[in-house]
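First comes the structure, then the notes that go with it.
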Amino acid sequence: MFKTKTKFVLLALATVGSLAITIYILFSINERALSAKSEWVAPVLAERPVYTKEEINEFASTVSVNPEDENVNAFIASTHAFYNQTTGFGEISSLNHNDQTEKAIEIVSTVNGYLSEEKGDLKQDLLDIKFISLHYIEHGKKEDVQKLHRYFHDLDIGLNGYGAYDKVWGVTAVLGRGE
């Protein structure tokens, strides 16, 4: 049907096209990371919105959580507990990089399993968590650990009714970004 030379040219064009698409996607992801970077770090406490219990319950009620998906809630609660233990009360200044890297790898693996099940705001938060975890694995910055802790803290309040500390950082799509 086609001559060998024509097949070779078509194959070369397809390869160049897929390479161009890959490069475009990589730069788009990097651009998103740069534009989102300022949103990840919470402003000074005085500038953060203070939510009432009613507002928090209202936010939580807008998230559709299937009772069969209790695993995502348990994952959020246990990961939040890990970050409370390893970063709370000034522990963030003396992070164990190996423990944090292992946890970040576990988070990426677990989130990959939930991404096909979840929708809407929770799915967006899981994607953000995955992106931050991958960034920590690559760069080992404690700011990423702080961001992850804040995501899991807000999600634990929104999805599980965590009440030991009701400060909402406003970093999640589930509870709003404090805008």
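The values are calculated or read from the model by the stated rules, or taken from the named source; none is laboratory data. Since the structure is predicted, the reported quantities are computational estimates derived from the model, not experimental observations. Cβ sites come from the backbone with ideal geometry, for glycine too, and all protein chains shown count toward neighbours.
Any residue at all in the range 69-86 that's at pLDDT below 75 and either in the same structural domain as K142 (by TED's automatic domain parsing) or surrounded by fewer than 10 Cβ atoms within 10 Å (Cβ to Cβ) (or both)?
Checked the range 69-86: at least one residue is at pLDDT below 75 and either in the same structural domain as K142 (by TED's automatic domain parsing) or surrounded by fewer than 10 Cβ atoms within 10 Å (Cβ to Cβ) (or both).
Scanning for something at pLDDT 75 or above, within 25 Å of I137 (Cβ to Cβ) and either over 21 Å from the mean Cα position of the chain (by Cα) or not charged (D, E, K, R) (or both), does the range 23-33 turn up at least one residue?
yes
How about the range 119-138: which of its residues are closer than 19 Å to I92 by Cβ and crowded, with 19+ Cβ neighbours inside 10 Å?
I129, I132, S133, H135, Y136
Any residue at all in the range 139-158 that's in a helix (DSSP H, G or I), modelled with pLDDT under 90, surrounded by fewer than 20 Cβ atoms within 10 Å (Cβ to Cβ) and not basic (K, R)?
Taking every residue of the range 139-158 in turn, at least one turns out to be in a helix (DSSP H, G or I), modelled with pLDDT under 90, surrounded by fewer than 20 Cβ atoms within 10 Å (Cβ to Cβ) and not basic (K, R).
Can you say whether V65 is surrounded by 15 or more Cβ atoms within 10 Å (Cβ to Cβ) and either at pLDDT below 55 or not in a helix (DSSP H, G or I) (or both), as far as the supplied structure shows?
Working: surrounded by 15 or more Cβ atoms within 10 Å (Cβ to Cβ): yes; either at pLDDT below 55 or not in a helix (DSSP H, G or I) (or both): yes.
So V65 fits the description; yes.
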